[in-house]
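Here the structure is laid out as structure tokens; the discussion comes afterwards.
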Amino acid sequence: MPATIQHIDVSAAGETITKALESDGAVILDHFLDSETLDRFNAELDPLLAAADPERRFLNPAVEWFFGDKTRHLSAVAASSRTFGHEILPHPIYMEVCDTILGPHCADYILNIAHVLDRGPDSQQQLLHRDEAVWAHLPKPHPDVQVASIIALADFTAENGATRVVPGSHRWPKDREASTDEIAIAEMNAGSAVIYLGSALHGGGPNSTASTRRRGMHVSYCLGWLRTEENQYLSVPPDVVRTLPKRSQELLGYAAHDALAIGGGYLGTVDLVSPIDLLDSRFDSRSSRQRQVPEERNRPNEPRQEDAK
Ligand SMILES: [Fe+2]
């Protein structure tokens with residue numbers, strides 16, 4: 001019998017959801033976004049995706065191979081979608097699950113990447129993979145470092161490429177391969193989400209339909225002391241971050257990672273304070289350094305201090 005993924009309504013207690021996630025490595029949250037939020041978010045995405053080129057180039061040919069050339073991508077979503085920045089990024093269920101799973105291993109967790117993937121017909125089965133493999137330098141075993149998810153922004157079916165997930169694989173040795181009957185298909189209605197640990201095997205399914213696009217969004221969070229896949233500071237600039245709720249600002253990495261309580265230190269400071277405290281006063285379209293340099297130091301005919309050594 002083929003593997004299945006447990007469905008839990010998003011209204012269930014956070015503890016129930018977290019327990020299922022820790023047990024199976026993945027769980028589907030039904031009604032993760034209500035229909036009004038889903039429609040509003042999709043309306044924001046429509047023109048942005050219409051302008052996306054599926055044959056765009058990437059950093060490395062392996063990335064092109066991984067995503068294929070039938071997918072329209074949208075990254076830096078917090079910079080272009082109010083619904084994402086204000087409501088989805090700090091979604092209470094994301095926060096509750098991350099508090100439990102990632103909270104014990106960092107001072108705070110942050111957004112790793114937020115990426116819409118609109119997979120067209122003829123998209124191929126993605127290689128089954130573990131998202132946490134991006135931090136391959138991390139020795140094993142290690143605690144959970146990532147909570148990831150795919151939000152269905154359209155109905156996910158076996159035919160249009162619903163995400164394939166291997167329940168229980170978060171406990172497997174790295175080199176164990178999944179047999180066909182161990183792979184579950186995350187079929188779910190638009191607005192639901194499959195949430196999974198970074199250690200769980202999964203991959204986008206093949207889209208065998210003639211004309212149906214499978215729009216989904218990958219959102220993942222990681223320990224606040226890890227380098228993120230998406231550079232949020234440049235993806236979502238201060239002028240936009242300033243308009244977001246404080247929790248979203250923190251999740252985008254604009255808070256220092258303060259681990260002093262466990263003998264660690266401050267990561268990500270600006271001028272030795274948390275950048276979030278400077279958002280209202282220091283960052284604008286000019287660099288803060290420009291604004292601080294006294295006018296007289298910029299006079300062209302006078303030696304600069306650095307030149308006088
Ligand atoms: Fe993935």
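General remarks:
- Residues whose placed amide H lies under 5 Å from that of G68, excluding near-sequence neighbours: none
- Peptides 141-151, 253-263 ordered by packing proxy, namely the average of other Cβ atoms within 10 Å per residue, highest first: 141-151, 253-263.
- In the chain, the portion of solvent-accessible area held by carbon and sulfur atoms comes to 52 percent [1.4 Å probe, whole percent, DNA, RNA and ligands not counted].
- Antiparallel content of DSSP bridges confined to the chain, in %, to 5: 95 percent
- Rounded to whole Hz, the Karplus (6.51, -1.76, 1.60) HN-Hα couplings of the range 232-248, x for glycine and proline: 6, 5, 8, 6, 10, x, x, 4, 7, 4, 4, 8, 8, x, 4, 5, 5
- Using a Förster distance of 30 Å, the FRET efficiency for D284-R82 (Cβ separation, nearest 0.05): 0.90
- With θ taken as phi - 60° and the Karplus curve 6.51 cos²θ - 1.76 cosθ + 1.60 applied, the whole-hertz 3J(HN,Hα) list for the range 94-103 is 4, 5, 5, 5, 5, 4, 6, 8, 9, x Hz, x standing for glycine and proline.
- Since only T71, V147, A13 are under comparison, the one whose Cα sits farthest along the positive direction of the charge dipole of the chain, derived from C-beta charges on Lys, Arg, Asp and Glu, is T71.
- Full-extension gain in nm, V63 to T180, via 0.36 nm per residue minus C-alpha separation: 39.6 nm
- Cα gyration tensor, the range 199-247 - rounded (a/c under 1.5), prolate or oblate: oblate
- Once the Cα-Cα distance is subtracted from the 0.36 nm per residue extended length, the E96 to A51 segment shows a gain of 12.7 nm.
- In this calculation the C-beta distance from T16 to R171 is compared with R0 = 22 Å, giving a FRET efficiency of 0.65.
- Residues of type aspartates and glutamates that K70 reaches as a straight line, Cα spacing below 13 Å, ignoring anything fewer than 8 places off in the same chain: D53, E55, D118, D122
- Among 162-170, 192-200, 54-62, the peptide with the highest mean count of other Cβ atoms within 10 Å heads the list, and the full ranking is 192-200, 162-170, 54-62.
- Average accessible area per residue (Å²) across the range 1-155 - probe 1.4 Å, nucleic acids and ligands excluded: 47 Å²
- Per-residue Karplus couplings for the range 137-152, computed as 6.51 cos²θ - 1.76 cosθ + 1.60 with θ equal to phi - 60°, are listed in order as 6, 6, x, 10, x, 9, x, 4, 10, 8, 10, 10, 7, 10, 8, 7 Hz, Gly and Pro entered as x.
- Cα gyration tensor shape of the range 63-161, rounded if a/c is under 1.5, else prolate or oblate by comparing a/b with b/c: oblate
- Modelled label positions at V270 and E36, each set 7 Å beyond Cα in the direction of Cβ, lie 3.5 nm from each other.
- Computed over the chain, the per-residue total of -39500 (n - 2.57) for DSSP H runs of n ≥ 4 gives a 222 nm mean residue ellipticity of -5500 deg cm²/dmol, rounded to 500.
- Cα shape, the range 22-80, gyration tensor, a/c 1.5 rule: oblate
- Mean Cβ count within 10 Å, highest first, over the residues of peptides 27-34, 100-107, 70-77: 27-34, 70-77, 100-107
- Computed from the C-beta positions of E44 and T209 and an R0 of 22 Å, the FRET efficiency is 0.35 to the nearest 0.05.
The values are calculated or read from the model by the stated rules, or taken from the named source; none is laboratory data. Remember, predicted model here, so these are calculated numbers, not experimental data. Cβ: placed from backbone, ideal geometry, glycine included. Neighbour counts: every protein chain shown. Protein only, heavy atoms only, side chains kept; ligands, DNA and RNA dropped before computing areas. Shrake-Rupley method; radii C 1.70, N 1.55, O 1.52, S 1.80 Å.
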